[in-house]
Ligand code: SAM
């Protein structure tokens, strides 16, 4: 698909280039913030799986430069395009309202925050961004946590890692995605492993009251995951920003108010998501909330007004699969672009290059090999591949 055709089919791809974002994902974070006010009172943030860095750009611009991207302010950069759209579709009143909203917020002055610390981590290198500490590391590896704590606090002593709790972070965000294979169940499984890695890391660094936001793929057992997250956070939502395609299983869990259970200390030797620890913690929480293990069924009162209550003792029952349905929140207001729709571009539209081409994409070696061989490979009759002449 050519750049121009992609501009048409993917409004957020085009907007990202026009507004200087490294990836269209920036809009997902902005729309989540619009709904959940994620950056309120936040100064220390960890951005996991951050390359090429559009979420980190949002953090840098909101927290360090103090730009206002709250409800509708981020759309000021859309105003010009919307005005052009109005010329094409004059009846599109919601676009007209948006232009007016934007004019109303354009006067807001930036308010940089003090003592901001942002650490961004990815397997891939991240090109430098103002005020952001970048680490090239694997979030599934236990050695990444001390690296992260050291980046947040240069005086941190990694040898005290398991004795001394260090909880300096207000918000952990993770947009982690594996290279998808197209095998649906496998992709969902690998994604869930990344999510548990992000959660384990968040549990090691989040302050009580902190927030955790992470990408999920909504698979069959996702309601069990929501229940598990409720062990640690007061509120858990599943959110779908308008910039995330409706056709995709992608969504984001937004967990608010970190409240670790009494006596809980995160321990990477025993990470959650492996073994039964999480299931046991969930059952324990459930038992506290419903302290009886007896299930009672009551029949109507007999003629003397006496009830017959049969009690079934469930003490030795195996742990039930405990599930919980998280509230679903669609975010990004309805006048925002629909990520599944194609839009007619203005006649004078110029397609821009991406802001930040991938620094070390996994396909880099394949491209180099192809160049060395003088072009694309084609299959020969014997099944071996040769370079195209
Ligand atoms: N939020 C980013 C942005 O706004 O630019 C986009 C993130 S991209 C969708 C997913 C990223 O997850 C990729 O850059 C990939 O390298 C990273 N990733 C996947 N597995 C990882 C792991 N085990 N550790 C660190 N990063 C990982």
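The values are calculated or read from the model by the stated rules, or taken from the named source; none is laboratory data. Quantities reported herein were computed from a predicted structural model and do not represent experimental measurements. Don't worry about glycine lacking a Cβ; one is built from the backbone with ideal geometry, like all the others, and counts go over all protein chains shown.
Structure summary
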read-out	value
Residue that is in contact with a strand residue (DSSP E or B) (Cβ under 8 Å, 6 or more places away or on another chain) and within 12 Å of the ligand (Cβ to nearest atom), where the choices are 133, 139	139
Residue 178 surrounded by fewer than 22 Cβ atoms within 10 Å (Cβ to Cβ), within 14 Å of the ligand (Cβ to nearest atom) and under 27 Å from residue 256 (Cβ atoms)	yes
Positions within the range 108-130 being within 12 Å of the ligand (Cβ to nearest atom) and either within 18 Å of the chain's Cα centre (by Cα) or at pLDDT below 90 (or both), in sequence order	120, 121, 122, 123, 124, 126
Matching residues, the range 201-226, being away from the ligand (no atom under 16 Å from the Cβ) and buried (at least 22 other Cβ atoms within 10 Å of the Cβ)	203, 206, 210, 211, 225
Elements of type helices (runs of 4 or more DSSP H) in the range 1-72, at least 2 residues being within 13 Å of the ligand (Cβ to nearest atom)	11-19, 25-36, 54-59
